[in-house]
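Reading through the structure tokens given below for one structure.
Derivation of every value follows stated rules applied to the coordinates shown; laboratory data play no part. Keep in mind that this is a model prediction, so the values were computed, not measured. Quick reminder, even Gly has a Cβ in these numbers, built from the backbone with ideal geometry, and neighbours come from all protein chains shown.
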Amino acid sequence: LRSGLETTRVSVDLNLENQVSISEVATSFDSELESETEVIVSPVKSHNNMATLRELAAPDLETQPMSITYAVLEKPLKLNSGFLNMLPKFHGLPGEDPYRHVNEFLITCAAMEPEGVPQEQIRLRAFPFSVMDRAKDWLYYMPPGSFTTWPSLHRAFLEEFFPASRIGSIRKDICGIKQMGNESFSEYWKRFNKLCASCPQHQISEQLLIQ
């Protein structure tokens, strides 16, 4: 009986050892499998991240929409180099007169009368060629589709480069203008009219101007 119990105990111990060994092997196998899985998956994630960065950094080759929206014309309009060279240039400097620029621009555009093309479409297409430096930056940085008509572009241009503060300053100059000692009346009158013309919306009555 004792011999049989010892044999049974040995058998049980062997079975337990086998189970432990199998469990350890299974655990080791799972750990190795997870490690291998991590090694395989990690490069894939890195590759995807690199692809995303490359896509974000890739240059946009599509034409960006402009601030001016042009209407579709029945006949194509070509602005030749001779016409473009005749256009006045406005740089956006403090001493420049935006009203004079617009007047000269309209006169130049009126000289071009292609058949079947409205003057408004000529003005919209030609205006970007008449501005430079700061004025061109202003036009190009406006939101896409900001201008669809010439009046809207004209108004925005004057509001940008002839603000209310400048109007107030010229009003003071008009009200305080005086003839200089060595200045003839003719020269004074020209200077006075030029100052008034530089600010059409001075809103000073004619009676006050005469005084």
Q) Assuming R0 = 25 Å, what is the FRET efficiency of residue 100 and residue 169, from their Cβ-Cβ distance, to the nearest 0.05? A) 0.90
Q) Within a Cβ distance under 15 Å of residue 160, other residues only, what is the Lys/Arg minus Asp/Glu net charge? A) -1
Q | For residue 90, distant residues with modelled amide H under 5 Å away | A | 131, 132
**Q.** lysines with Cα under 25 Å of residue 89, excluding same-chain neighbours fewer than 8 positions away
**A.** 78, 136, 190, 194
